[in-house]
Structure formats: C-alpha cells, structure tokens
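Only one structure is covered here, and it is reproduced in the block below.
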Amino acid sequence: MGRRRKVKAKTYELDIETLSHEGRGISHFDDKIIFTRGALPGEKIIANRSLSRAKYEEADVVEILTPSPDRIEPRCAVYGICGGCSFQHLSSENQINAKQTWLQSAFMGQAKTEPKEWLDPLQVTSWGYRRKARLGVRYVHKKEKVLVGFRERKSSFITVMERCEVLHPSLGDNLEVLAECIEGLSCKAQVPQIEVAIAENDTILILRHLEPLTIEDEAVLRDYAERLSITWYTQSGGMDTVKPLDSAVNLSYSLPEHNIEMNFLPTDFTQVNFELNQKMMSLALSLLELNDEDKVIDFFCGLGNFTLPIARQAKKVVGVEGDKGLIERAKENAERNGIDNALFYKADLFEDVSGFEWFRGQTYNKALIDPARTGAIEIVELLPKLGVERLVYVSCNPATLARDTAKLLELGYQLEKAGVMDMFPQTAHVESIALFVKKS
C-alpha cells in the first residue's frame with residue numbers, strides 16, 4: 001500500500017464567498033475552488049493548504065484579516081484541534097440558518113423544487129446535549145498518562161481535553177476523572193475506547209478492553225462508578241461480549257406529551273439529543289394529521305420512537321426495522337406502555353419486501369420514514385403500491401433526502417413542507433423533516 005503523498009506547503013490570502021455543505025468557507029484561487037476550514041463568508045483570511053486535487057484544494061485558517069460580524073468566540077478550549085465540533089465559531093442562530101440554506105440548495109440541485117412552506121427551525125439547548133458518543137482512549141507511555149476524549153481532526157491521536165462542552169454534563173464535566181480511572185487499570189494500555197449511553201436515569205460507559213480485567217481492575221472501576229455516578233459495562237470482543245460489570249440497569253427516555261417511556265439497551269440506537277427528539281416527535285405527528293381511522297406504516301422504526309406515539313392517535317400502525325434486537329425492544333416497549341394497536345416486523349428494507357405479510361395486499365394511508373444517511377430510495381418506490389397519501393420523511397442527510405424527493409415527485413407526490421432540526425448543534429450535521437402529499 002502506497003504512502004499518502006505529502007502536500008507541498010502553500011499559503012493563500014483568500015476572500016471567503018460562501019459556506020460549503022460541510023461548513024467550510026468557499027473561495028477561488030488560481031482557477032481552483034478552495035475549501036477552508038474555520039472560515040466564514042465575507043472574511044479575508046490567510047490559510048495554509050492541507051490537501052490538493054485537480055479541481056479543488058483544502059486549507060486551514062492561519063489568520064483572520066477581516067472577521068465576519070457573525071463570528072463568535074468558540075466556547076471549547078480545544079476547538080479547532082478536536083474533531084468533534086466544526087461550527088463553534090458561528091452562533092447557534094446562524095448555524096441553523098446555514099443548515100436551512102444547505103437543505104434548500106439540496107432540494108433545488110437534485111429535485112429542482114422547494115417546499116410550498118418552510119417550517120420554523122427546531123432548536124433546543126446548544127450545549128451539553130449529547131447522550132451517545134464513542135470516546136477514544138490512549139495511554140501515552142512517555143508521559144505515563146491516559147487521554148480520554150474525541151480524536152483530533154484528521155488524526156488518530158486523542159485530543160488532550162479536560163472537558164467536553166457538547167457531551168451531557170454527567171460525563172462532559174468529568175473527562176479528567178475518567179482518565180484517572182483508566183490510569184488505575186493494569187490493562188490501561190489495552191483500552192482503545194469507551195462507548196457512552198446516557199439515559200434519563202443513568203450514565204452507562206462500555207469499556208472496550210483487549211486484555212482481561214483483574215479483580216483489582218474491577219475494584220477500581222467500581223470505586224469510580226460510585227464517584228462519578230455511572231454504571232460500567234465491559235466489552236472484551238465483539239458486540240455479543242458487552243455485559244454489565246455488576247448488575248444490568250434499565251435505561252429509558254420519555255416522551256411525556258404522548259405518555260410514553262422507552263426502554264433501551266446501552267448498545268441500541270437512540271437519538272443523541274433527547275430534548276430535540278421530543279420536539280421532533282410532536283412536529284412529525286402534527287404533520288401526519290393523525291386520526292383514529294388512520295392506518296400508518298413506520299419504516300426504519302428502531303425501538304418504536306415514532307411508532308408508539310403514532311399508535312396513541314391512529315387506528316393501527318406497523319413498524320418495520322432490519323435489526324432483530326430493536327424489533328424485540330419495540331414490542332416490549334409497546335406492551336410496557338399499554339399499546340395494542342402497533343405491530344412490528346423485521347425486514348431488510350433494502351431488499352425485495354413484496355412477500356412480507358405487512359406488505360402483501362395491505363394498504364396504509366399514511367407513512368413515516370426515518371432512514372440512515374443512505375436514504376430510502378427502495379422504500380420510496382413502494383409507497384404508491386401501499387396506498388400512502390401522506391408521508392413524513394425524517395432525514396439526517398440533505399443529499400439523499402433531495403434524491404428521494406426527486407423520485408417522490410416522479411411518483412406523484414408534492415413537497416408541501418420542510419425544515420431543519422438542530423439535532424447536533426456545533427456541528428455541520430443537518431437533520432431535517434419533510435411532508436409529502438399525494439396529488440389527487
């Protein structure tokens with residue numbers, strides 16, 4: 001395998017024109033597009049080249065000669081070093097405005113359309129919101145010190161950080177104490193990562209260890225578990241080796257407006273931002289305009305995050321998901337919440353589903369889709385066959401939402417409403433929601 005070619009040093013003076021979809025400043029220099037990390041539109045900057053390609057180059061800000069009036073001081077001490085955030089130099093209001101512009105651009109670029117109505121952006125707390133994360137761990141032999149945190153930007157090194165401003169405070173305020181805990185383990189050099197799952201009632205840390213833990217190691221973990229008010233799980237191999245150090249705990253989050261409590265396992269997918277999830281839920285259900293005669297299908301339903309609130313207002317709802325464990329938990333959550341009009345099925349939604357009982361000969365007048373970044377083009381093409389008249393599409397990738405929108409337009413659906421939701425403040429990640437209605 002060849003080595004990556006070292007980029008020849010180059011310094012530019014640039015005038016930033018606009019922002020790319022990744023939050024980088026765009027300018028032009030020597031007939032090339034320059035993407036500059038940390039720059040804002042209207043700024044004049046000095047930047048160093050970090051990557052060179054035939055039609056574009058990438059650079060990093062060295063000096064800001066003329067700052068944008070929108071620029072603010074980043075809150076985090078390691079911003080620009082840590083790879084976790086990319087937008088702290090822009091206010092939360094301007095961040096969400098930029099994300100709506102990107103969504104609008106995606107719609108126009110791929111689907112040649114815009115919604116009839118733009119929804120007001122959904123925003124909640126911009127700091128201390130993140131409840132799911134993967135923290136890197138590294139024992140630095142020369143310094144005899146353990147580092148715990150996110151990896152540096154474009155690097156495998158762990159950022160030297162005392163705290164994290166976007167992690168939930170139960171952990172974000174205690175990274176140094178967590179590092180101190182790992183330093184006390186005999187296998188500290190064989191701990192590569194810690195998975196984080198923070199519920200409303202507990203903070204779970206899954207310790208990945210490449211060597212067995214000793215009795216003394218377990219005692220250290222228990223001591224710091226009490227000190228930090230956390231619960232340790234351990235992982236010695238694949239995902240099937242994840243187990244509690246002592247007793248398992250019941251993790252949950254609530255959707256109080258719908259009188260629902262969702263239980264989940266530390267390894268399950270859940271939204272990272274519980275407060276925004278509650279607002280997103282209410283918005284999605286209002287867009288569906290549910291009544292007690294509706295038959296609804298929820299694709300990529302996961303734990304039933306949308307399915308169970310829908311069941312409170314509809315005649316019947318079917319949730320479909322490819323992960324067997326999530327389907328089992330969805331059924332358990334339905335039973336726990338006293339919901340008997342929700343059915344759940346496991347199916348690979350990227351394969352032919354025409355033979356499944358929930359599809360064959362069935363109709364649903366409304367649907368919700370919440371896919372991964374790759375989108376849901378295969379499912380979109382099935383909607384007319386299922387009789388879907390009203391669709392809410394929740395997306396974490398404007399590009400695939402726009403692609404699927406183009407297909408929906410072909411199939412006779414109209415893009416009625418759309419808007420952005422700030423699920424990941426301080427990052428360039430764009431979460432959005434769109435309403436489609438079948439033309440009569």
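All of the numbers you see were taken from the coordinates with simple rules; none came from a lab. It should be emphasised that the depicted structure is a prediction, and the values quoted were computed from it without experimental measurement. Quick reminder, even Gly has a Cβ in these numbers, built from the backbone with ideal geometry, and neighbours come from all protein chains shown.
Given 0.36 nm per residue, what is the gain on full extension from His141 to Lys8 after removing their alpha carbon distance, in nm?
Details: separation 133, 0.36 × 133 = 47.88 nm, distance 3.21 nm.
Between His141 and Lys8, full extension yields 44.7 nm more.
For the range 285-440, rounded, prolate or oblate, judged on the Cα gyration tensor with a ≥ b ≥ c (square roots of eigenvalues), a/c < 1.5 rounded, else prolate if a/b > b/c? List each step's numbers first, then the result.
Values: a/c = 1.40, a/b = 1.19, b/c = 1.18.
Rounded shape, in that the Cα axes give a/c under 1.5.
Using only the Cα atoms of the range 132-244, each taken as one equal point scatterer with no solvent, compute I(q) by the Debye sum, divide by I(0), and report log10 of the ratio at q = 0.10, 0.17 Å⁻¹.
Log10 I(q)/I(0), no solvent term: -0.26, -0.78.
Sorting Lys99, Lys243 on the 10 Å Cβ count, fewest up front, what's the list?
Working: Lys99 27, Lys243 12.
Fewest-to-most Cβ neighbours within 10 Å comes out as Lys243, Lys99.
Rounded to the nearest 0.05, what FRET efficiency do Ile377 and Thr101 give with R0 = 22 Å and r taken as the Cβ-Cβ distance? Could you check?
According to the calculation, E is roughly 0.35.
Treat every Asp and Glu Cβ in the chain as -1 and every Lys and Arg Cβ as +1, leave all other atoms uncharged, and give the resulting dipole magnitude about the Cα centre to the nearest 20 debye.
Numbers: 55 positive and 64 negative charges, 309 e Å.
For the chain, the charge dipole is close to 1480 debye.
Pick out which of Ala311, Ala347, Ala98 has the largest mean-square fluctuation in a Gaussian network model of the chain, springs linking Cα atoms closer than 10 Å.
Taking springs between Cα atoms under 10 Å, the residue moving most is Ala347.
Kirkwood hydrodynamic radius, the chain, all distinct C-alpha pairs: what's the number in Å?
Working: mean 1/r = 0.0419 Å⁻¹.
After inverting the mean inverse Cα-Cα distance, the result is 23.9 Å.
So how far, in whole Å, is the C-alpha centre of the range 274-311 from the one of the range 30-76?
41 Å
Does anything in the range 355-380 have its amide N under 20 Å from the 7 Å Cα→Cβ label point of Asn291, and if so which residues?
From the range 355-380, the list is 363-368.
With 18 Å as the cut-off, how large is the P(r) tail for the range 11-71, expressed as percent of Cα-Cα pairs?
Percentage above 18 Å: 20.
Per 0.36 nm of contour for each residue apart, how much would the distance between Ser155 and Ser229 grow if the chain were fully extended, relative to their Cα-Cα spacing? Write down the numbers at each step before the final one.
Numbers: separation 74, 0.36 × 74 = 26.64 nm, distance 3.15 nm.
Extra length from Ser155 to Ser229 when fully extended: 23.5 nm.
For Lys366, give me every one of the aspartates and glutamates with a C-alpha distance below 16 angstrom, ignoring sequence neighbours fewer than eight places off in its own chain.
Excluding near neighbours in sequence, the set is Glu289, Asp292, Glu293, Asp294, Asp298, Glu381, Glu389, Glu416.
Going down the list Lys32/Lys112; Lys316/Lys346; Lys279/Lys417; Lys55/Lys116, which pairs span over 25 Å between their C-alpha atoms? Working shown, then result.
Numbers: Lys32/Lys112 27 Å; Lys316/Lys346 17 Å; Lys279/Lys417 17 Å; Lys55/Lys116 36 Å.
Result: Lys32/Lys112; Lys55/Lys116 exceed 25 Å.
For Thr363 and Glu93, FRET efficiency with R0 = 51 Å and r from the beta-carbon atoms, rounded to 0.05? Write down the numbers at each step before the final one.
On the way: r = 43 Å, r/R0 = 0.85.
Once the sixth-power term is evaluated, E becomes 0.75.
Counting other C-beta atoms within 10 Å, and keeping those with at most 14, which DSSP coil GluC sites (Glu not before Pro) do you find in the range 332-407?
On the way: sites: Glu332, Glu335, Glu351, Glu357, Glu378, Glu381, Glu389; in loops: Glu351, Glu357, Glu381, Glu389.
For GluC sites (Glu not before Pro) across the range 332-407 that sit outside H, G, I, E and B with at most 14 neighbouring Cβ atoms in 10 Å, the list reads Glu351, Glu357, Glu381.
Cα centroids of the range 360-400 and the range 133-167: how far apart, whole angstrom?
Result: 39 Å between the Cα centres.
For the pair Asp15 and Asn341, what calculated FRET efficiency results from E = 1/(1 + (r/R0)^6), where r is the Cβ-Cβ distance and R0 = 41 Å, to the nearest 0.05?
On the way: r = 59 Å, r/R0 = 1.44.
E(calc), rounded to 0.05, equals 0.10.
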